[in-house]
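Please treat every number below as a calculation from the coordinates, not as lab data. What you are looking at is a predicted structure, and each value in this text was computed from that prediction instead of being measured. Please note: Cβ atoms are built from the backbone with ideal geometry, for glycine as well, and neighbour counts cover all protein chains shown.
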Amino acid sequence: MKLILMGPPGSGKGTQAKRICERFDIPHLSTGDILRAEVKAGTPLGLSVEATMKAGGLVSDDIISSIVVSRVRSPEAQNGFVLDGFPRTIAQALVLEQALGFDALTAVIELVVPEEELYDRICRRAAESAGVQRADDNAQTLRLRLKAYRAETLSVSDFYRPRSPFFMIDGLAAPDEVTDRILQILQDDAVEQT
Ligand code: AMP
């Protein structure tokens with residue numbers, strides 16, 4: 001099971017990725033979580049990406065791609081993985097394709113959520129996470145994260161559409177419904193065989 005979950009910030013990728021990983025007992029590779037852990041630990045990598053993340057920009061393709069390539073090739077990922085937050089650019093998608101080989105992905109699933117709803121969700125997430133709020137969870141930074149999403153990441157869907165089993169799901173549905181829809185897709189014969 002080699003799955004990519006795509007979607008803008010606040011679309012519910014993280015929640016869904018965790019559920020799918022538990023179900024299939026495979027690692028959840030969230031590049032945002034990996035980078036936040038580096039920032040928290042004060043590593044050289046963390047220090048080098050902290051300002052970019054706080055401002056809602058994208059970390060360089062080279063840095064993030066080398067992290068992901070080593071994770072997808074690690075023994076923990078031998079039965080598969082769910083990628084959440086990667087690839088965010090075509091350059092990253094090409095590196096992944098080179099690392100895994102053409103045709104390796106089970107599916108690419110995009111959660112579609114309108115922008116107004118994303119602002120509501122991010123503001124709610126910030127209000128509910130008192131004390132442990134993400135440095136980039138606020139309306140001002142979300143504007144920049146969405147700008148990066150529109151400029152760089154939307155085209156990644158176009159990259160995958162002709163290459164991999166590609167699906168779009170209504171991310172406005174209740175989280176349980178979204179999970180059911182993802183599981184349906186993954187149980188579909190055509191997808192199962194890849
Ligand atoms: P996320 O938790 O996925 O929203 O990621 C939080 C932040 O980490 C992003 O706003 C970027 O600054 C950085 N980041 C995470 N994944 C990537 C990626 N694939 N490419 C570039 N920057 C990334």
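I need the helices of the chain that pass two filters: whole DSSP H segments spanning 30 Å or more by Cα along the axis, and mean Kyte-Doolittle score no lower than 1.6.
none
May I ask for the equivalent-ellipsoid semi-axes of segment 1-114, computed as the square root of five times each C-alpha gyration tensor eigenvalue and listed largest first in whole Å?
21, 17, 15
Any chance you could check the Cα centroid distance between segment 89-146 and segment 11-63 for me, in angstrom?
Centre-to-centre (Cα) distance: 10 Å.
Describe numerically, in nm with one decimal, the distance between label points set 7 Å from Cα along Cα→Cβ at L183 and at I90.
It is 3.8 nm.
Sketch the reach of a paramagnetic label on E128 as a point 7 Å from Cα along Cα-to-Cβ, and name the residues of segment 148-189 whose backbone nitrogen lies under 13 Å away.
Taking a point 7 Å out along Cα→Cβ of E128, the residues of segment 148-189 whose backbone N falls under 13 Å are 174-176.
What does segment 5-45 give for Rg and for Dmax, in Å, if only its C-alpha atoms count?
For segment 5-45, the Cα radius of gyration and maximum Cα-Cα distance read 12.0, 34 Å.
Which three semi-axes in whole Å describe the equivalent ellipsoid of segment 110-194, each the square root of 5 times a Cα gyration tensor eigenvalue, listed largest first? Can you show the working numbers first?
Details: eigenvalues 164, 63, 21 Å².
After diagonalising the Cα gyration tensor, the semi-axes are 29, 18, 10 Å.
Order of 69-81, 161-173 by packing, highest average Cβ count within 10 Å first?
Peptide ranking by packing, descending: 161-173, 69-81.
Using every Cα-Cα pair within the chain, state what percent have a distance larger than 32 Å.
Of all Cα-Cα pairs in the chain, 10 percent lie more than 32 Å apart.
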